[in-house]
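The structure appears below as structure tokens.
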Amino acid sequence: MCKSAGKLKNDRGAGTILAISILIVFFALFAASSLVSTQLLGFTRLQATTNSIALAAADALRGVSTGNPCIVAKDIASNSQLVLERCRIVGFEVFIETSSETLGIVHKARARAGPRE
């Protein structure tokens, strides 16, 4: 009879290694999904705030509130910890571009406010 040289007689502890490996995979998936959801939430908040900034600037342009539309937009953006990239007025429309950084990733958003034709 020939004995196999590499055959294990005892596989005690193999279940523990398997369970730990499965837990590590689950924790890695959880961390990755948390990162993605944080980025999506940051972008959604940025877009909503940018829309609000554009509406406030359009109100200032129409005379509903006081102030220069772009200065109003800059003040609201800085209070919301956003960077106002661009404020442009064309006729009675206001175009706003903002950006923010979430976990090292820069997000940008655009909004327009004004009368529809």
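Report yes if Leu55 is farther than 24 Å from Val106 by Cα, more than 15 Å from the chain's Cα centre (by Cα) and open to solvent by 70 Å² or more (accessible area, probe 1.4 Å), otherwise no.
Taking the combined requirement at face value, the residue does not satisfy it.
What are the residues in the stretch 58-79 that are within 23 Å of the chain's Cα centre (by Cα) and open to solvent by less than 50 Å² (accessible area, probe 1.4 Å), if any?
Once the filter is applied, which keeps residues that are within 23 Å of the chain's Cα centre (by Cα) and open to solvent by less than 50 Å² (accessible area, probe 1.4 Å), the stretch 58-79 yields Ala73, Ala77.
The values are calculated or read from the model by the stated rules, or taken from the named source; none is laboratory data. Computed from a predicted model, the values in this text were never measured in an experiment. Note: areas computed on protein heavy atoms with side chains; ligands, DNA, RNA excluded. Shrake-Rupley method; radii C 1.70, N 1.55, O 1.52, S 1.80 Å.
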